[in-house]
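Below is one structure, written out as structure tokens; comments come after it.
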Amino acid sequence: MKALKRLPLGSLTDRPDHELVGILRMPELTVSPLRSIVKRIIGATLALLATVVIVYLDRDGYRDANGDGLSLLDSLYYATVSLSTTGYGDIAPATSSARLVNVLVITPLRVLFLIVLVGTTLEVLTERSRQAFKIQKWRTKVRDHTVVVGFGTKGRSAVNALLGDENIAPEQIVVVDTDQQALDAASALGLVAVHGSATRADVLRVAAVQHARAVVVAPNRDDTAVLVTLTARELAPKAHIVASVREAENVHLLKQSGANQVVVSSETAGRLLGMATSTPLVVDIMEDLLTPESGLAIAERPVEPSEEGGSPRHLGDLVLGLVRDGVLYRIDAPQADAIEPGDKLLYVKKVTQAEKIER
């Protein structure tokens, strides 16, 4: 794999868009190789047929070395050697009109023919320009997106959960990582990828973290998570930051650094492992709730007008908690005795087969 060109240290956000190619990578629409080849063959064939028709209609303006005029086969022969730039010279335009048509029509068709046949090479040459244009367009419009720092096991699981939300499109997720293979995998999912260390403020600025709605911090090291959270909170004071740590003793450091929520990955997995030895069915239910593609899922919805004033315990849905003014109250809390206008409910939702297919 070709190594990325290393840019000199400095603010990445001050650089023009074309210098961010290779650092910021926009998702590409995937096209199968067979379909791409067929499209190019069709384009080349159309250019060839158009040239044949033009030459045959103006066949009196061409001179054949044999002196017997141009047949349809001669027109096809001339179009082939002309578009392929072989040019044997045995057939040539003789009149002024034929030469003018060659200059104004056949020459552009020749260029088009070569572009189609040598499309792969030209595509590589134009990739940088296309990426620079996409970067410029994306940076002017990106708002309220989600930045995921680290695309390892935890980061990929977080992205899968985000993509399970029908309101979040892949292009609204930006992945920041130093591993190029991880970024390639993110791009294959249609995500925007940024190559660099999220501990650097300018890398997070390239990911437009200052305009982000949420930031998921999921690196492999706890000390890295603390530094990334500090940097992200400084750049995005209003963003909702969720961080993952391996050790519970580092939770307070993450919260002091500005994380709204902290998930202890190792202890959570350990508790599930311990529960699986004594109450395996409980673990099955937890796994079902955490996997939105199957069975049951935890979801949030606004209360309906008919539900206001009532108790969430008496609803048809299995309600786990109530959110009021951004504060979560468990179902057994006194504040959750009566539903007020503007509240939201956290409940257990049954995922239907139709929803599975849509996802």
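Mind counting the residues in the range 217-265 that are touching a residue at least 60 places away in the same chain (Cβ under 8 Å) and among the polar types (S, T, N, Q)? Going through the range 217-265 one residue at a time, the tally reaches 3.
Filtered by the rule that a residue be surrounded by fewer than 15 Cβ atoms within 10 Å (Cβ to Cβ) and modelled with pLDDT under 85, the range 296-313 gives a lone residue, Ile298. Per this entry, Glu247 is not counted among residues that are over 25 Å from the mean Cα position of the chain (by Cα) and closer than 30 Å to Lys137 by Cβ. How many residues are closer than 17 Å to Asn260 by Cβ, among the small types (Gly, Ala, Ser) and in a loop (DSSP other than H, G, I, E, B) if we restrict to the range 318-340? Residues meeting the conditions: 1. Checking each residue in the range 256-288 for being in contact with a strand residue (DSSP E or B) (Cβ under 6 Å, 6 or more places away or on another chain), under 21 Å from Gly155 (Cβ atoms) and either in a helix (DSSP H, G or I) or modelled with pLDDT under 80 (or both) picks out only Ser265. Under the condition of being among the basic types (Lys, Arg) and more than 44 Å from the chain's Cα centre (by Cα), the residues counted in the range 85-112 number 1.
Residues checked against (1) hydrophobic (A, V, I, L, M, F, W, C); (2) within 16 Å of the chain's Cα centre (by Cα):
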site: Gln131; (1), (2): no, yes
site: Lys154; (1), (2): no, no
site: Asp177; (1), (2): no, yes
site: Gln180; (1), (2): no, yes
site: Ala193; (1), (2): yes, yes
site: Arg205; (1), (2): no, no
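Collect the residues in the range 199-232 that are of a type in the set (D, E, K, R) and closer than 23 Å to Ser157 by Cβ, keeping them in residue-number order. Result: Arg213, Arg221, Asp222, Asp223. None of Val203, Val194, Val245, Val215 is modelled with pLDDT of 95 or more and of a type in the set (A, V, I, L, M) except Val215. Looking only at the range 187-230, how many residues end up being among the hydroxyl-bearing types (Ser, Thr, Tyr) and either surrounded by 24 or more Cβ atoms within 10 Å (Cβ to Cβ) or in contact with a strand residue (DSSP E or B) (Cβ under 6 Å, 6 or more places away or on another chain) (or both)? Residues flagged as among the hydroxyl-bearing types (Ser, Thr, Tyr) and either surrounded by 24 or more Cβ atoms within 10 Å (Cβ to Cβ) or in contact with a strand residue (DSSP E or B) (Cβ under 6 Å, 6 or more places away or on another chain) (or both) within the range 187-230 amount to 2. Within the range 103-124, residues that are small (Gly, Ala, Ser) have Cβ atoms under 8 Å from residues that are in a helix (DSSP H, G or I) and modelled with pLDDT of 70 or more in these pairs: Gly119/Arg40, counting only partners at least 6 apart in sequence or on another chain. Filtered by the rule that a residue be among the hydrophobic types (A, V, I, L, M, F, W, C) and in contact with a strand residue (DSSP E or B) (Cβ under 6 Å, 6 or more places away or on another chain), the range 304-321 gives Leu318, Val319, Leu320. Sub-6 Å Cβ pairs linking a first residue in the range 76-96 that is under 13 Å from Asp64 (Cβ atoms) to a second residue that is part of a helix (DSSP H, G or I) and among the charged types (D, E, K, R), at least 6 apart or interchain, are Pro93/Arg99, ordered by first then second residue.
The values are calculated or read from the model by the stated rules, or taken from the named source; none is laboratory data. A quick note: this is a predicted structure, and the numbers were derived from the prediction, not measured. Glycine gets a Cβ as well: all are built from the backbone with ideal geometry, and neighbour counts include every protein chain shown.
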